[in-house]
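Have a look at the structure below before the remarks.
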Amino acid sequence: MELTCSFTPKTNSSPFDISFSSSLLSPLSFQTHLKNPISKHSISIPRIYAVAIDPQEKLPRSSPQRLLKELAERKRAVSPKKKFPPRRFILKPPLDDARLAQRFLNSPQLSLKSFPLLSSCLPSARLNNADKTWIDEYLLEAKQALGYPLEPSDTFGDDNPAKQFDTLFYLAFQHPSCERARTRHVRSGHSRLSFLGEYVLELGLAEYFLQRYPRESPAPMRERVFGLIGKRNIPKWIKAASLQNLVFPFDDMDRLPRKDREPLPKSVFWALFGAIYLCFGMPEVYRVLFEVFGMDPEDESCQPKLRRQLEDVDYVSVEFEGKKLGWQDVAVYKASITECEISIPYIDPCFHVQPPEDALFAHPRLFRACVPPGMHRFRGNIWDYESRPQVMQTLGYPLRMTDRIPEITEARNIELGLGLQLSFLHPSKHKFEHPRFCNERLEYVGQKIQDLVMAEKLLMKHIDAPGRWLQERHRRLLLNKFCGKYFRDKNLHRFIIYDEQIQDKYEHNRRLRNPVTTAIQQAIHGLSYTVYGKADVRLI
């Protein structure tokens, strides 16, 4: 633009007169005229031309960099950059039928038809060379630490679940921070074993403490279990068995902070007992717990806190009177082989002790630990005549059993009716006069067997799901509000035996009624497990 400035003197004003002429403005020129009124000779200043530059722009208008910058801005304004979704949310094209069939046929999870639960915990793909390298280097050390023979498990027959022990044992040590856990079949196999092993340990220790302490309530038993297998104490057991170098191959476990020291041993510990349970059964779980890891139920670290105990004047069964049962007594005593018999190839011969022939139940000692002998005094009451037949009809009891002696069948049905009456007996009724005449002990074992049965079902139903997804699914299925809802849908809540003072309050208050119905449903599961075994819990 062209700017013209003229300076003229004025007598009554400032010596300089500045005026701008808009008609002379030009976009590309700037002109200035200066007249000095003081001097007689006017001083003319040459015309000045300047290029106007935007102060925001540092490049000239004709610069190539400026053109490229404007072009980039124009593209950004016209078509903004698209945000693509993460790769994990992009749907992959489905496999064709031939490749999908080949994948399932080559999967080890479908190789064992006689052991469906064991088959579902095998890796989804065959082990590669890297997996076999770890087995060759470290598996012998792990077997020696736990007291197993060093020969490969492939030497066993196809009808023996111990044939898959090496594979499951390898998966048990591949915790999430391990290098081999990056592969999908190893990571998923370990998480599924850990998911199963948690409920195996809880059920095994629940049965053990119920028989060892027949007069205790479940609250001290839960504290004992937490004291033995809580996440704070598991690193101690891993170190006691000299397995810390397999869990932390590059770190010293004692120098790690607590948040890094506890999760990995817990995952390995649970997965290890999941593998032992699948291959050798619950007796071997007891052996490893109390012999290899050296757990002591009388240790001060796992003793429950002191609390006020109600006086128990009723007598217990003869098997519990005056003695504390050891883990060997609990492991070998099962009075029914309704479950699939698992042969233990290299365990102490005491594990092959057969139960007595005239035993009534699947777990008679566990049944008597939950249902006290004094329940026989309630035979023939109003509930026994009016409510028990309706409850048994709803549950499908009694089951048809072929016994050698007819009196055994009659005795089993009598005990089953007393157990059902105890399951529906709310603690407000007789607990303060007779502490064991309530459903708390049956509820305790029923909760653990319910968790294990549901975990086994989910493992066999979703053979390709990781353990974390199964854990969330398991938790949602067994929420208290859902368990009580199933119980109330069968219209069984009207048979609950309350104390007369609180009956109206519990029947009309949802917040009080729902936990009670959940507890009674779990007590029914515990009763069906002790009388008929795990198969009946699956049926219910």
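The values are calculated or read from the model by the stated rules, or taken from the named source; none is laboratory data. Here the structure is a predicted model, which is why all the values come from computation and not from measurement. Neighbour counts are summed over all protein chains in view; Cβ atoms, including those assigned to glycine, are modelled from backbone coordinates with ideal geometry. We work out accessible area using only protein heavy atoms, side chains counted, and drop any ligands, DNA or RNA first. Shrake-Rupley method; radii C 1.70, N 1.55, O 1.52, S 1.80 Å.
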Got the relative contact order for the stretch 101-313 handy, in percent, Cα pairs under 8 Å and 6 or more residues apart? 25 percent
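As an exercise, identify the trypsin sites (Lys or Arg not before Pro) in the stretch 365-396 lying in DSSP coil whose Cβ has no more than 14 other Cβ atoms within 10 Å. Walk me through the numbers on the way to the answer.
Numbers: sites: Arg365, Arg368, Arg377, Arg379; in loops: Arg379.
For trypsin sites (Lys or Arg not before Pro) across the stretch 365-396 that sit outside H, G, I, E and B with at most 14 neighbouring Cβ atoms in 10 Å, the list reads Arg379.
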Which of Phe195, Leu168, Tyr148 sits farthest toward the positive end of the charge dipole of the stretch 101-313, with +1 on the Cβ of Lys and Arg and -1 on the Cβ of Asp and Glu? Phe195
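Kindly provide the Kirkwood hydrodynamic radius of the stretch 213-344 in Å, to one decimal, from all pairs of distinct alpha carbon atoms.
Working: mean 1/r = 0.0578 Å⁻¹.
Kirkwood radius, the stretch 213-344: 17.3 Å.
On the protein heavy atoms, probe 1.4 angstrom, tell me the percent of accessible surface of the stretch 366-539 carried by carbon and sulfur. Each step should come with its number before you reach the end.
Working: 4270 of 8540 Å².
Carbon and sulfur together cover 50 percent of it.
Taking only protein heavy atoms and a 1.4 Å probe, what accessible area per residue, in Å², does the stretch 366-539 have with all protein chains in place?
I get 49 Å² per residue for the stretch 366-539.
Assigning unit charges at the beta carbon (Lys, Arg +1; Asp, Glu -1) and nothing else, what dipole magnitude in debye, to the nearest 20, does the stretch 366-539 show about its Cα centre?
I would put it at about 600 debye.
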Give, as a single signed number, the net charge of other residues whose beta carbon lies under 15 Å from the beta carbon of Pro265, with Lys and Arg counted +1 and Asp and Glu -1. +3
Could you give the nm distance between label points at Arg538 and Tyr385, where each point is 7 Å from its Cα heading toward the beta carbon? 4.1 nm
Along the charge dipole of the stretch 366-539, Cβ charges K/R +1 and D/E -1, which of Thr394, Tyr506, Ile382 sits furthest on the positive end? Tyr506
I'd like the accessible area for Tyr148: 1.4 Å probe, protein heavy atoms, all chains in place, Å² to the nearest 10. 10 Å²
Net charge near Phe320: determine it from the other residues with C-beta under 11 Å of the C-beta of Phe320, scoring Lys and Arg +1 and Asp and Glu -1. +3
How much length is gained on full extension from Asp159 to Lys231, taking 0.36 nm per residue of separation minus their Cα-Cα distance? 22.3 nm
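What FRET efficiency, computed as 1/(1 + (r/R0)^6) with R0 = 41 Å and r the Cβ-Cβ distance, is obtained for Phe378 and Asp296, rounded to the nearest 0.05? Please report the intermediate quantities before stating the final value.
Working: r = 38 Å, r/R0 = 0.94.
Efficiency, rounded to the nearest 0.05: 0.60.
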Can you compute the modelled spin-label distance between Lys323 and Arg182, with each label point 7 Å from Cα toward Cβ, in nm? 5.7 nm
Placing each pseudo-label 7 Å from Cα in the direction of the beta carbon, Asp464 and Asn106 end up separated by a distance in nanometres of 1.5 nm
Listed residue pairs exceeding 31 Å between alpha carbons, taken from Lys231/Lys461; Lys266/Lys485; Lys239/Lys305; Lys429/Lys485; Lys231/Lys505; Lys143/Lys231: Lys266/Lys485; Lys231/Lys505
Would you tell me the accessible area of Arg222, worked out with a 1.4 angstrom probe on the heavy atoms of the protein chains, in Å² to the nearest 10? 90 Å²
May I ask you to give the percent of accessible area on the stretch 101-313 that is carbon plus sulfur, with a probe radius of 1.4 Å? 50 percent
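With a 1.4 Å probe and all protein chains left in place, how much accessible area per residue does the stretch 278-339 have, in Å²?
Values: 3440 Å² over 62 residues.
Value returned for the stretch 278-339: 56 Å² of accessible area per residue.
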Check: the stretch 101-313 dipole with +1 on Lys, Arg Cβ and -1 on Asp, Glu Cβ, in debye: 860 debye
